[in-house]
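Working notes for the structure below.
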Amino acid sequence: MSREGVAFLRPWESGKRIPAPRRIRDVKELEFAEFYRSSRDVCLRAVLAGVGERQLAEDLVAEAFTRAWAGWAKVARHPAPRAWVVRTALNARVSWWRRRRREVALGEGHDVVQPSGEGDGGLDPSLLALLRQLPRRQREVIAFRVFLDLDTEATAKALGIAPGTVTAHLSRAVATLRGHLVPTPEAGK
């Protein structure tokens, strides 16, 4: 066979075995997987600061990421997808609380699972305890402004409140935390 004939041989005509085509993952799936990898811990810390319970925060973040996947085309175009996930998780918390409110408490003699105390998403336990004492809206503002590093405008938009309200809640929360965390000069005497 001439050289020219070899150049035009198709792989199946050459007698060589052709590997089966590999499935190429969908671009949407790859984008979401990267978003999830880069955002999960940040979103978890933000929700943990908002709700104060590790297991509940993990459940809420998992549900929020599930919803994000279901509507990825819309969420991907959102100006702050991480904020969307955190807001969705905090909204799911309200739904969870409403369902829980209707539950019947168990009587004496039933086993109750105690929290394991295994890590709280990288948060100092004393800081987490102080965050739990803050009012809900102040915790949410701290979660968006500090943990997600959003500006005042983006936080206000994500929470559905005025920018001035975000500033006021942040100021009050920081003052409360500072009062508990920073030693006063009189305490050192």
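The table below gives the values:
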quantity: Cα gyration tensor, segment 122-177 - rounded (a/c under 1.5), prolate or oblate; calculated: prolate
quantity: Potential lengthening between residue 40 and residue 127 on full extension [0.36 nm per residue; Cα-Cα distance subtracted]; calculated: 29.3 nm
quantity: Distance (nanometres) between label positions extended 7 Å along Cα→Cβ at residue 136 and residue 58; calculated: 2.4 nm
quantity: Distance from segment 137-189 to segment 62-89 (C-alpha centre basis), Å; calculated: 24 Å
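Just so you know, all these numbers are worked out from the coordinates, no wet-lab data involved. On a predicted model such as this, the values are computed, not experimentally measured, just so you know. Cβ sites come from the backbone with ideal geometry, for glycine too, and all protein chains shown count toward neighbours.
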